[in-house]
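Asker: This structure is in C-alpha cells; I'll ask about it shortly.
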Amino acid sequence: MHRLVKEKLPRHLAIIMDGNGRWAEKRSLDRVEGHRQGAESVRRIVRASREIGIPYLTLFAFSSENWSRPRVEVDALMFLLRNYLETELQEMLENQIRLVAIGDLARLPLEVQTALQQTVEKTAQGKGMTLTLALSYGGRDDILQAVRRILSHCQEGNLKPEEINEELFSKYLWTHNHPGPDLLIRTSGEMRISNFFLWQLAYTEIYFSPTLWPDFTREEFIQALLSYQNRERRFGLTGEQVRVGDG
Ligand code: FPP
C-alpha cells in the first residue's frame, strides 16, 4: 500500500513520456516497438492515475517537432494513437474518464481527427478524470495562437489592450479549461522542457526520472507522487509565510 495523502495529490499532472526510441534501440528492436510498449505504459499510468484520484492528467503524446521524424515512425505513432482511442473507449466510459485533445489538431490525419472527435464526444460526461492528449502540440505555438486571437479580438473592438492580464491570457491558451499543472514528470533522464507547456509551467514542480517511458512502472509513478507531496510550494513567498498560510 502506498502512503499517498489524498488532499495533497496534484490536481493537474503532466507527463513528458520520453525514451521509447532508446528503449527499443537498447534491445536492437525497431523504434516503433518502443512506441508500442510506450502505449502500454500509457494504459498503465492512466489506470493508476484514475485509481489514485488525479483529476487532470495531460500526456505529451506528439510534439509539433515530431512531424519531422521519418514518415514510418510518424505513421506508426498515428496508428497507435487511433488504436489506443478505439481499444480504451469502453474503459474510459466505465471509469468516467473524459478525453480532451489539445494542439494543432488540424495537422493530424483525418482519420485520427475523426477518432479523437468521436472519443471526445462520447466521453464528454466523464466526471472521474480529464485525460488530455497534447498532440501536434508546441508551447510556442500555443502562445502564438493565443496572441493572434487576442489581437484579432482587440482589432474587432471586443477587447481592450489594458484588459490583457495573466488570467485573460490563460483563457486563450489551448489549456484554458485546465488548472495550472502542479507536477510535471519527464522520463528518460533528459532534463529539459522541449517546447511543452511554456506559460503553464511557471510554478510547476518538476520530477525527472532516469527510467525510459516503456519501463515506467506504477511503483515509480507513486514514488514521483510521494516526492511531490514532500515538497513545499512557495509561489515566490518565504517558507514561513507559506506555513502560516497553511495553518
Ligand atoms: C518519446 O520517445 C515519445 C514520443 C515521441 C511519443 C509518445 C508516444 C507514445 C507513448 C505512444 C502512443 C501514445 C498514446 C497516447 C497511445 P522518443 O521516441 O523521443 O524516445 P528517444 O528519445 O529515446 O528516441
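Asker: Might you check whether a residue that is closer than 24 Å to ARG233 by Cβ, polar (S, T, N, Q), under 17 Å from the mean Cα position of the chain (by Cα) and not in a loop (DSSP other than H, G, I, E, B) occurs anywhere in the range 131-138?
Answerer: yes
Asker: If a residue must be within 7 Å of the ligand (Cβ to nearest atom) and either in a helix (DSSP H, G or I) or surrounded by fewer than 19 Cβ atoms within 10 Å (Cβ to Cβ) (or both), how many such residues does the range 26-64 contain?
Answerer: Residues flagged as within 7 Å of the ligand (Cβ to nearest atom) and either in a helix (DSSP H, G or I) or surrounded by fewer than 19 Cβ atoms within 10 Å (Cβ to Cβ) (or both) within the range 26-64 amount to 7.
Asker: Only one residue in GLU205, GLU166, GLU162 is more than 29 Å from GLU65 (Cβ to Cβ) and at pLDDT 95 or above, so which one is that?
Answerer: Going through GLU205, GLU166, GLU162 in turn, just one is more than 29 Å from GLU65 (Cβ to Cβ) and at pLDDT 95 or above: GLU162.
Asker: Name the single residue that is modelled with the lowest pLDDT among those in the range 226-247 being within 29 Å of the chain's Cα centre (by Cα) and outside any helix (DSSP H, G or I).
Answerer: Looking at residues that are within 29 Å of the chain's Cα centre (by Cα) and outside any helix (DSSP H, G or I), I get ARG233.
Asker: Suppose we keep only residues that are farther than 18 Å from ASP104 by Cβ and polar (S, T, N, Q) within the range 138-176. Which one would you say is most open to solvent (accessible area, probe 1.4 Å)? I'd like the intermediate steps shown before the answer.
Answerer: Kept after step one, since they are farther than 18 Å from ASP104 by Cβ, are these residues of the range 138-176: 151, 153-171.
Remaining after also requiring polar (S, T, N, Q): 155, 158, 165, 170.
Working: GLN155: 156, ASN158: 112, ASN165: 83, SER170: 43 Å².
Per the criteria, the residue is GLN155.
Asker: Tell me the residue from LEU81, LEU77 that is surrounded by 18 or more Cβ atoms within 10 Å (Cβ to Cβ), without any contact (Cβ under 8 Å) to a residue 60 or more places away in the chain, over 16 Å from the mean Cα position of the chain (by Cα) and near the ligand (Cβ under 8 Å from one of its atoms), please. Can you show your working first?
Answerer: On the way: LEU81 fails: over 16 Å from the mean Cα position of the chain (by Cα).
LEU77 is the lone residue from the list that is surrounded by 18 or more Cβ atoms within 10 Å (Cβ to Cβ), without any contact (Cβ under 8 Å) to a residue 60 or more places away in the chain, over 16 Å from the mean Cα position of the chain (by Cα) and near the ligand (Cβ under 8 Å from one of its atoms).
Asker: State all residues of the range 76-111 that are assigned to a loop (DSSP other than H, G, I, E, B) and either closer than 24 Å to ASN177 by Cβ or in contact with a strand residue (DSSP E or B) (Cβ under 9 Å, 6 or more places away or on another chain) (or both); if no residue qualifies, say none. Reasoning before the result, please.
Answerer: Narrowing the range 76-111 to residues assigned to a loop (DSSP other than H, G, I, E, B): 95-96, 103-104, 108-109.
Within the range 76-111, ASN95, GLN96, GLY103, ASP104, LEU108 meet the criteria.
Asker: Inspect all residues belonging to the range 175-183 and state whether any of them is more than 16 Å from the ligand (Cβ to nearest atom), within 14 Å of the chain's Cα centre (by Cα), closer than 15 Å to ILE102 by Cα and of a type in the set (Ser, Thr, Tyr).
Answerer: Yes, the range 175-183 contains at least one residue that is more than 16 Å from the ligand (Cβ to nearest atom), within 14 Å of the chain's Cα centre (by Cα), closer than 15 Å to ILE102 by Cα and of a type in the set (Ser, Thr, Tyr).
Asker: Listed residues LEU93, LEU135; which is touching a residue at least 12 places away in the same chain (Cβ under 8 Å), among the aliphatic types (A, V, I, L, M) and open to solvent by 20 Å² or more (accessible area, probe 1.4 Å)?
Answerer: That would be LEU93, the only listed residue that is touching a residue at least 12 places away in the same chain (Cβ under 8 Å), among the aliphatic types (A, V, I, L, M) and open to solvent by 20 Å² or more (accessible area, probe 1.4 Å).
Asker: Which condition does PHE197 not pass, out of (1) open to solvent by 40 Å² or more (accessible area, probe 1.4 Å); (2) hydrophobic (A, V, I, L, M, F, W, C); (3) not in a strand (DSSP E or B), if it passes all the others?
Answerer: Among (1) open to solvent by 40 Å² or more (accessible area, probe 1.4 Å); (2) hydrophobic (A, V, I, L, M, F, W, C); (3) not in a strand (DSSP E or B), the lone unmet condition for PHE197 is (1).
The values are calculated or read from the model by the stated rules, or taken from the named source; none is laboratory data. Note that the coordinates shown come from a computational prediction; the quantities given were computed from them, not determined experimentally. Every residue, glycine as well, gets a Cβ built from its backbone with ideal geometry; the counts of neighbours run over all protein chains shown. For the accessible areas, the whole protein counts, side chains as well, though only heavy atoms, and no ligand, DNA or RNA atoms are used. Shrake-Rupley method; radii C 1.70, N 1.55, O 1.52, S 1.80 Å.
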